[in-house]
Every structure is written in C-alpha cells, then in structure tokens.
C-alpha cells in the first residue's frame, strides 16, 4: 500500500426517477375548470370554509370537501413582497410583486403576481382582479391568469380579509 | 421493575388494494380509512386521540416532504401532537406504543399510505440501498430478492415448487379478503408453467404492488374500557435490523426476525395465525422458519401481501389482520410481522392476544 492515499472527498451518483404525478381528484377538477377560465373551489361541509385550489380535504376539520364553489376573479391582497433580485430561470424581470391573494368567497389565499401597479403603492387590503391570457392560450394551469391588477374599490380592513362573501366588497362595515 | 403498560388495539381499517388508484391523491386515499377507524370507536377526528403517527415514503411520490400533505386528512386545528416515520406504518405503531408506555399518551392514531403506481417501484426502492456502492448500480428489489431465492434453493431450503405452493395458498386465502387485488384457486402446476421474470422468480412469486392506505387506533386498556369497544392486546413488540451490506448477511436466514420474535415473546404461547409481510414467496419460507412456526399456525389467512402489497401500509395491515381475527373470536393469539429494506433487512414482530 502506498504511503499517500488520496482523500476521496466527493463522488457523483446522479439519480433519475420517472413519476406519473397525479394531482388528486379535487385538484384535477380545479385544473379542468381553470382550463375553461373558471375558478372553482370547494367548501368544507363542517366549518364552511372555501378552499381554492382545493386538495379534497378540509385540513382544519379533517373531512372530505365535495361541494364545488365557483368563485369570482376578484380578490384582496392579504400579504405581498416586492422581489428586487433576479431569480435564476425566472423570466420575470425584477422588481416585481408576489402577493398572497384571497378571492371573494374564499377563506384561504393563494400566491400570484401583481402588475399594472406602482410597486410602492401595493398594500394589504388592496382590491385586485385577474388579468387573463387570451382564451386560445388557456391550459390546465394557474398562469391562465397572467397577473392580478388593482381595481378601484375601497380597501378591505385586515379583520375582514379572507371572510368576504362571494358577492365581493362594497366597502360596507 | 414496574409492569409495562399494556397496549390495546381498538380499531383497524384498510382500503382495497388497487393496482392504480387513478386520480386520487394521498389525502384522498387516507381519509376514508381514518373515517372508518374513528367510526369504529365513535370518535370525531384526530382531536379525540392524544397522538398521531404516520408511515409513508416520499420516494414513492417523488416529492420532498410529501408526507406532510397527509396531515390535511386529520383535522389538525387546534394543533395536534403528530409524528411520522419514513417507513412502513408498523413502525409508526411502534412509536405510538413507546409514547403510550412512557405515559405521554393514552391513545394514538396510526396510518400508512402509498401510491406506488406513480413510479417504477423496484427502481425507486433501489435508492434505499447504500448510496456509495449499491444505489449507483440501480440494483432493483426484484433482482435482489431473486438472488436471495437462488441461494435458498441452492441450499436446499426451498424449491420453485414450494414457492408456488406459498402463492397458491395465499391466493386461496385471499378469496375471503374483500380488499384483495389478486385471489382465486390456482394450482401449483399452472403457476410453475409460467416462465420466470428474474430467475428463479416468476411474476406470481412477487407480491402485486398496490395503491392504498390503512389506519389503526391503539390505546391503554383503561381507555379501551372507557370507550367500551372490543380490543386485542399487543403483549409484545420488537424490531431488529441487519447490516446494509448484503454481502455480510446470510440471506437464507432472518436472524433479525428471530431476535425480534424472541424479544416479543412469540414462543410464550401457541400461535394460531401469523400474518407475515413477505413481498416475495420464498421470503415467507424464510420467515416461517425464523419464527419457528409449525403446522398448528395458519400463515397469512388474509392472503398476506400476495393479495396486494400496500407500500408503507402492509406492515400495519398485518397487525390489523391479526387484531380483526382476535376481536371476532376466531383466534386467541397471533403474530404479526412487518419488513423493510432489501431481502428482509429490517423486521418487526408483534404478538397479539385476546383480552
């Protein structure tokens, strides 16, 4: 044996595994509806919370969600951040706004982009509406909505965000 | 030394074994089984037990932390005490038993789930091998099991005919199992007439891989009496693991099963039934010998995993199958076995008795 044994500090063992991913029955229904330009959530039979995108269960109650609820494409900013650094492989040029949005009639938020806005003026409680791609480009994907843009409606107080009716928000107390 | 707290099994449910569960995601597979065990005891949801532990494997889904999504099935508001093992749920049961014995819980929910049809299972499982020497070779589970079967046959401890006999008996037993994926009367001759897929294994020697889930509720005896439900006692449970280096193991024997059985107290009474997790027919022969089972024991009355192998749930289901037979009064004492890893590397043995 030689006196000097070179230290092995690294080996490469690439892993390639192929999967047929299935989103689930409830998420698949959501994707089929958004293909048609419809935002479809599910209501919990126990606590009545509406989830979008639905996963098929109410995580709070642990019961299956079956009832479908078609939601409008208007919502409220629950939280947001202004992204100032370029993200590798992301075609969107910074600065841009990522927001947690709650659709009217829904009780949980999802994440999407905001645009057609002054980044410095984006704020919690701001009212927004979806800007859709042309119908010919619709597919089974959330980016059928290009982004959400601010609309001229009164701000929603923090305690009402995520609790609005499906009919929206008129600034009522 | 104070006496160990006795553990009561009070509920068990298993899904059908499906070759493909279609569009259903894991949460959708779990929820019906949780509902079934809650209903057996009269509970509302996971808020009504002190502890929850699940068993699954993220490699089956191909997504990191995929198991966390399973919590969506529980009703975890307000927050619950919850844990997970990246293993068959039989080991989640083991964790729950420790929790109860330590006095930190009186009751626990266990569930195991897997949708193995999403990937190519034998290849996926090659990645559980040691990462330096074996995993980069992509040695699949069927090939490793075939090497084990070859050794067994060469040593005169099994034959292809004896292996086919295991399959024929399992499929016949599975006719009484409503969740079986494969069942029916089949002759040893007709099984042997088929060609091998990885010699000396025929397709029939390999348990059919299934999508699905199973769930169980365990508790202290006091709690079971308070709930007023029939129960079986887990009088002993132990698990042992062998080296990951296959070359250092005697693949024709299962010393880890033998040690676990001794520690669990298998020999302290008659064994009416034994539900063994043997994903390949020859492995049942190895396990029966390691456990010292004789003619008085009915092996795999459910058909075992030859009726359908629910990855990450089959081990828990073996315990559940023995539990069901005890509370129905069919038997008074049985053994359940679970395995993990290539060629029966890691083995768990539980003894269940009537209360």
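The values are calculated or read from the model by the stated rules, or taken from the named source; none is laboratory data. Predicted, not measured: the structure shown is a model, and the values here were computed from it. Cβ sites come from the backbone with ideal geometry, for glycine too, and all protein chains shown count toward neighbours.
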Checklist line | Residue check, residue A:76 within 29 Å of residue A:151 (Cβ to Cβ), more than 14 Å from chain B (Cβ to nearest Cβ) and buried (at least 20 other Cβ atoms within 10 Å of the Cβ) | finding: yes
Notebook entry, point to check: Which of (1) assigned to a strand (DSSP E or B); (2) in contact (Cβ under 8 Å) with a residue 24 or more places away in the chain; (3) more than 14 Å from every other protein chain (Cβ to nearest Cβ) is the odd one out, the single condition residue A:42 does not satisfy?
Noted result: (3)
Notebook entry, point to check: Which one of the conditions (1) at pLDDT below 95; (2) within 10 Å of another protein chain (Cβ to nearest Cβ); (3) not in a helix (DSSP H, G or I) does residue B:80 fail to meet, given that it meets all the rest?
Noted result: (1)
Check: Which condition does residue B:33 not pass, out of (1) more than 8 Å from chain A (Cβ to nearest Cβ); (2) part of a helix (DSSP H, G or I); (3) in contact with a helix residue (DSSP H, G or I) (Cβ under 6 Å, 6 or more places away or on another chain), if it passes all the others?
Finding: (3)
Item checked: Residue satisfying condition, being surrounded by fewer than 17 Cβ atoms within 10 Å (Cβ to Cβ), farther than 21 Å from residue A:34 by Cβ, without any contact (Cβ under 8 Å) to a residue 12 or more places away in the chain and not assigned by TED's automatic domain parsing to the domain that holds residue A:30, within set A:118, A:137 -> A:118
Check: Does region B:62-72 include one or more residues that are touching a residue at least 60 places away in the same chain (Cβ under 8 Å), away from every other protein chain (no Cβ under 14 Å) and in contact with a helix residue (DSSP H, G or I) (Cβ under 8 Å, 6 or more places away or on another chain)?
Finding: no
Note to self: I'd like the full set of residues that are within 20 Å of residue B:316 (Cα to Cα), in contact with a helix residue (DSSP H, G or I) (Cβ under 8 Å, 6 or more places away or on another chain) and surrounded by fewer than 22 Cβ atoms within 10 Å (Cβ to Cβ), limited to region B:73-99.
What the structure shows: B:82, B:83, B:84, B:86
Check: Exactly one of (1) surrounded by 16 or more Cβ atoms within 10 Å (Cβ to Cβ); (2) outside any strand (DSSP E or B) is unmet by residue A:94. Its number?
Finding: (1)
Notebook entry, point to check: For residue B:87, all conditions in the list (1) more than 13 Å from every other protein chain (Cβ to nearest Cβ); (2) in a loop (DSSP other than H, G, I, E, B); (3) more than 26 Å from residue B:208 (Cα to Cα) hold save one; what is the number of the exception?
Noted result: (3)
Notebook entry, point to check: What residue, of B:144, B:129, B:152, is assigned to a loop (DSSP other than H, G, I, E, B) and farther than 16 Å from residue B:204 by Cβ?
Noted result: B:129
Next item on the list: Exactly one condition in (1) under 22 Å from residue A:47 (Cα atoms); (2) surrounded by fewer than 22 Cβ atoms within 10 Å (Cβ to Cβ); (3) more than 9 Å from chain A (Cβ to nearest Cβ); (4) out of contact with any helix residue (DSSP H, G or I) (no Cβ under 8 Å at 6 or more places or on another chain) is not met by residue B:40; state its number.
Entry: (1)
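Could you go through region B:55-62 and let me know if any residue there is under 30 Å from residue A:11 (Cβ atoms) and more than 20 Å from the chain's Cα centre (by Cα).
yes
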Note to self: I'm trying to understand the selection: among the residues of region A:45-60, which are without any contact (Cβ under 8 Å) to a residue 40 or more places away in the chain and away from chain B (no Cβ under 12 Å)?
What the structure shows: A:45, A:48
